[in-house]
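Asker: Structure provided below as structure tokens; questions to follow.
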Amino acid sequence: MRGLPAPVSNLGEYQVNVTQYKGMNYRAAPVDGELVAAQNISSRNFPYLSNRLGRTTVGDYENPTGCFAWDRLVVIDGNKLYYDGEYLTDVLRGEKQFAVIDLDLVVWPDKIIINLQTKEVTQMVVEQQAIGQATFTKTSIQLDAVPKIRTDEAEYTMDSSRVAIKVYDSITVEGGSLKKTGGKVVAIEDKAATMGKYFVPKKEGADYVPNTVETEGDSLGTPDDAMENGDKVYCRMEEVLGNTVENTPETGNTGTLRFSYAVFDGAAENKKWASKFAAGQAVNVTGCTKAGNNKRHIVIQEIDEGNNKLVFAAGTFSDGDKESWEDGPITVTRDIPDLDFICEKDNRIWGVSNKEEGEIYNATTQQYEKITSRVIMASALGNPLAWWDFSGVDTDAYQVAVATKGNFTALVAYGDAVLAMKEYSIHKIWGDYPSNYQMTRDDIQGVAQGCSKSAVIINEVLYYVGPDGVYGYTGTVGQLMSYTLGDVPLTAAAGGTDGVRYYLAANRENIRKLWVYDTRLGVWMEEDETQVQQMSMVDGVLYGADGKAVQKMADEESDETVEWMAELAPSDEGTLKRKRYKWLRGRVTLEKGAMCRVWYAADGQEYQLGKELTAEGLQTFQVPLAPMRTDKIRVKVEGSGDIRLDAMERAFYVGTEME
């Protein structure tokens, strides 16, 4: 207890002058000048007491739940993404994370990339489902432009007869019709004339069979070439599987011929691999009937566009001793990991995964291994589409398993490091490239679960909500910054900054409020119950999305009339004796249209109005107090419009007894 001030008269009158307003204090023993309750109060005129600046709605959004700044403002409005007010693409509903690499905006968990210059949208996860069969080798997958839907077999038994078929050097589809070149009628058993050639089949039920003509004797008939199947299907003779046909003058052609032929669907078309994939990207291959050819995390070495062929490392596929074989229909999918949090650092996208089971690349064995721990990952340098490229060069992707307890709760690029944060530990990774990355761990409070959006860097200090309050992290330790806000946990927190102040929207006892911490002064102010969900700064202006509108959070040109209130900490005046208060006096400036009311109350009593001020300009006021004897006096000011309360003083007498 500080003790009584010196009396100002021989009658035992004391006066106390409050000229500095020190911010919020929810704890049991606030000091003179602190606030125990407030609404829409700001430190912008510190040490004086002022209302916050008004807010201004920007844009015409219906359900804005997220925002991000990169030169201009990105807004998530329901299921739509806008950049600088321009609609760019649809997105999934829900919370978003953003990171920028070069000019590419990465939107997570949607896994899309938007080039902020061209506005082109790229899906990070793409797949190509092959129509028909793919041709495999040990290092490649090739797709015919016109899909091979299957390979069938045909068998002919000849008894003194000839079987004729019309074959072509090539068949293509142009203008919706089959274009045939180099046609001639040949004997079907003439291997040299038929194998590798094309023919137009006829349709029998659901099958496509060779369109042949059988004649007696040695002469060949003429197949009805006008008979087309109507489905733009054509075939290619593939391989003789058995041939016992003999021709003698006595018996003519006798024996059995069996061969295979490929069936092509001319009405369909396989897309070019290069339209969706690129060298350096990892893909997953599924749908193979030979299970060993279903692969994960295999990196494309090159794309042979002329032959529509994906080329991989040696020995990627195998089918016994075969040099090539067919399989499918297959699906090839670009392999982008499922990550819980992302950020950008040094031209890479970093991410963490809380999956307790997964795979990680072992650089020593050059194999993927099953793991049961969480993982930190980084994309290849400059390429957010490449996460599994481990070629032993500086541009490689990066992975490391982390076995500490608990899930990751946030990922932040801070200084020269990436911070992978959990509730009670911070994993710090620094270095220039994968071969010299190092990781250390600090067992200090990190980001609380559900508060990843609270992490904001202001003047090299990382502010965030931890399990026990708001912390300021400077590289080695985290200092509690919110002692005066009490011990009630904050949840679902989102942070932002105007470059100086830390804006924090969070739930406290199931009520969402907005607080502002002035990093220069070390004081907290309480604004209101705005439902801000995400904030971001553009050109020194902080914007917030609250589900109903996007607003400038503090706008000097706003036309909003702010309603405000501040309840000052009661003081015992440095003595336990009862006091008799005489008057309150203050100095205040009211802008045009503003109003200020001064309320007071004794212990356990309701507030009563002492003064209402509406005159514009700087003025001094005095409030005579009704007779009372009390341990402490409570004072509250409230009003609307722009005001500045410079000082308040109170006069009182001290009783001779405590009661």
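Asker: Taking the square root of 5 times each eigenvalue of the Cα gyration tensor, what semi-axes in Å does the equivalent ellipsoid of the chain have, largest first?
Answerer: Values for the chain, descending: 82, 25, 17 Å.
Asker: Continuing with this model, one more query. Work out from phi, with θ = phi - 60° and the Karplus expression 6.51 cos²θ - 1.76 cosθ + 1.60, the ³J(HN,Hα) of each residue of region 619-633, listed in order in whole Hz, and give x for Gly and Pro.
Answerer: In residue order, the calculated couplings are 7, 10, 10, 9, 10, x, 9, 5, x, 7, 10, 8, 6, 9, 10 Hz.
Asker: About its Cα centre, how strong a charge dipole does the chain have in debye, to the nearest 20, once Lys and Arg get +1 and Asp and Glu get -1 at the Cβ?
Answerer: Roughly 2780 debye for the chain.
Asker: Please work out how much length the chain gains when fully extended from residue 488 to residue 70, using 0.36 nm per residue of separation minus the C-alpha to C-alpha distance, in nm with one decimal.
Answerer: 147.0 nm
Asker: Give the residue from 7, 307, 53 lying farthest towards the positive end of the charge dipole for the chain; charges sit on Cβ (+1 for Lys and Arg, -1 for Asp and Glu) and the dipole is referred to the Cα centre.
Answerer: Farthest towards the positive pole: 7.
Asker: I'd like the accessible area for residue 16, computed on protein heavy atoms only with a 1.4 Å probe and all protein chains in place. Round to 10 Å², please.
Answerer: 20
Asker: Order the following by accessible area, largest value first: 514, 618. Probe radius 1.4 Å; ligands, DNA and RNA are ignored.
Answerer: The most accessible residue leads, giving 618, 514.
Asker: Suppose a student asked you for the relative contact order of region 409-455, using Cα pairs under 8 Å spaced at least 6 residues apart; what percent would you report?
Answerer: After rounding, I find 37 percent.
Asker: Moving to a separate point now. Just the accessible area per residue of region 1-141, please: how many Å² with a 1.4 Å probe?
Answerer: On a per-residue basis, region 1-141 sits at 46 Å².
Asker: On alpha carbon coordinates alone, what is the Rg over Rh value for region 187-306, Rh being the Kirkwood radius?
Answerer: 1.13
Asker: Where the centre of each part is set by its Cα atoms, how far does region 466-543 sit from region 258-275, in angstrom?
Answerer: Cα centroid of region 466-543 versus Cα centroid of region 258-275: 60 Å apart.
Asker: In whole Hz, with x marking every Gly and Pro, tabulate ³J(HN,Hα) for region 144-158 from phi via Karplus 6.51 cos²θ - 1.76 cosθ + 1.60, θ = phi - 60°.
Answerer: Going residue by residue, I get 6, 4, 8, x, 7, 8, 4, 10, 10, 10, 10, 9, 10, 10, 10 Hz, with x marking Gly and Pro.
Asker: In addition: On alpha-carbon atoms, Rg over Rh for region 1-138 using Kirkwood Rh?
Answerer: 1.36
Asker: Assign unit charges at the C-beta atoms only (+1 for Lys and Arg, -1 for Asp and Glu), then state the dipole size of region 372-503 relative to its Cα centre in Debye, rounded to the nearest 20.
Answerer: Its charge dipole is roughly 320 debye.
Asker: Using 0.36 nm times the number of residues separating residue 247 and residue 195, minus their current alpha carbon distance, what extension gain do you get?
Answerer: 16.7 nm
Asker: Using a 1.4 angstrom probe on the protein heavy atoms only, could you order 318, 558 from most to least accessible area?
Answerer: 318, 558
Asker: Please compute the per residue accessible area over region 486-557 with all protein chains in place, 1.4 Å probe, rounded to a whole number of Å².
Answerer: Per-residue accessible area for region 486-557 comes out at 41 Å².
Asker: Quick query: amide H of residue 238 versus all other amide H atoms, modeled in the peptide plane; which residues come in under 5 Å with a sequence gap of 5 or more or a different chain?
Answerer: Result for residue 238 returns 196, 260, 261, 262.
Asker: Round to a whole number: what % of the accessible area of the chain belongs to carbon and sulfur, probe 1.4 Å?
Answerer: Carbon and sulfur atoms account for 44 percent of the accessible area of the chain.
Asker: Out of 435, 252, 270, whose Cα points farthest toward the positive end of the dipole of the chain (charges: +1 Lys, Arg; -1 Asp, Glu; placed on Cβ)?
Answerer: 435
Asker: Given an 8 Å cut-off on Cα distances and at least 6 residues of separation, report the relative contact order of the chain as a percent.
Answerer: Reported as a whole number, the value is 16 percent.
Asker: Which loop-located GluC sites (Glu not before Pro) does region 283-385 contain, where loop means any DSSP state but H, G, I, E or B and the Cβ has at most 14 other Cβ atoms within 10 Å?
Answerer: 305, 323, 356, 357
Asker: Moving on to the next point. Out of residues 5 or more away from residue 562 or on other chains, whose amide H comes under 5 Å of its own, with H placed 1.01 Å from N in the peptide plane?
Answerer: 641
Asker: At a 1.4 Å probe radius, which order do 565, 377 fall into by accessible area, largest first?
Answerer: From most accessible down to least: 565, 377.
Asker: Just from its helices, what would the mean residue ellipticity at 222 nm be for the chain, if runs of 4 or more DSSP H residues each count -39500 (n - 2.57) and the sum is divided by every residue, rounded to the nearest 500 deg cm²/dmol?
Answerer: Result for the chain: 0 deg cm²/dmol, rounded to the nearest 500.
Asker: May I ask you to evaluate 6.51 cos²θ - 1.76 cosθ + 1.60, the Karplus curve with θ = phi - 60°, for each residue of region 394-410 and list the ³J(HN,Hα) values in order in whole Hz, giving x for glycine and proline?
Answerer: 5, 8, 4, 6, 8, 9, 8, 7, 10, 9, 5, 5, x, 7, 5, 10, 6
Asker: Check which residues have an amide H placed less than 5 Å from residue 52's amide H, if you skip close sequence neighbours.
Answerer: 41, 42
Asker: If you keep only loop residues by DSSP, which trypsin sites (Lys or Arg not before Pro) in region 105-139 have at most 16 other Cβ atoms within 10 Å of their Cβ?
Answerer: For trypsin sites (Lys or Arg not before Pro) across region 105-139 that sit outside H, G, I, E and B with at most 16 neighbouring Cβ atoms in 10 Å, the list reads 119, 138.
Asker: Give me the extension gain from residue 172 to residue 477: residue separation times 0.36 nm, minus the current Cα-Cα distance, reported in nm with one decimal.
Answerer: That works out to 102.8 nm of additional length.
Asker: Right, next: Give, to the nearest whole percent, the P(r) tail of region 373-488 beyond 22 angstrom, counting all Cα pairs.
Answerer: Summing the P(r) of region 373-488 above 22 Å gives 37 percent of all pairs.
Asker: How about residue 290: which lysines have a C-alpha closer than 17 Å to its C-alpha, ignoring those fewer than 8 places off in the same chain?
Answerer: Correct list for residue 290: 138, 322.
Asker: Another question, if that's okay. With contacts defined as alpha carbon pairs under 8 Å and 6 or more residues apart, what's the relative contact order of region 362-521 in percent?
Answerer: Once normalised by length, the contact order is 12 percent.
The values are calculated or read from the model by the stated rules, or taken from the named source; none is laboratory data. Only a predicted model underlies this, so the values are computations on that prediction, with no experimental measurement involved. Cβ sites come from the backbone with ideal geometry, for glycine too, and all protein chains shown count toward neighbours. Areas reflect the complete protein model, heavy atoms only, side chains present, ligands, DNA and RNA absent. Shrake-Rupley method; radii C 1.70, N 1.55, O 1.52, S 1.80 Å.
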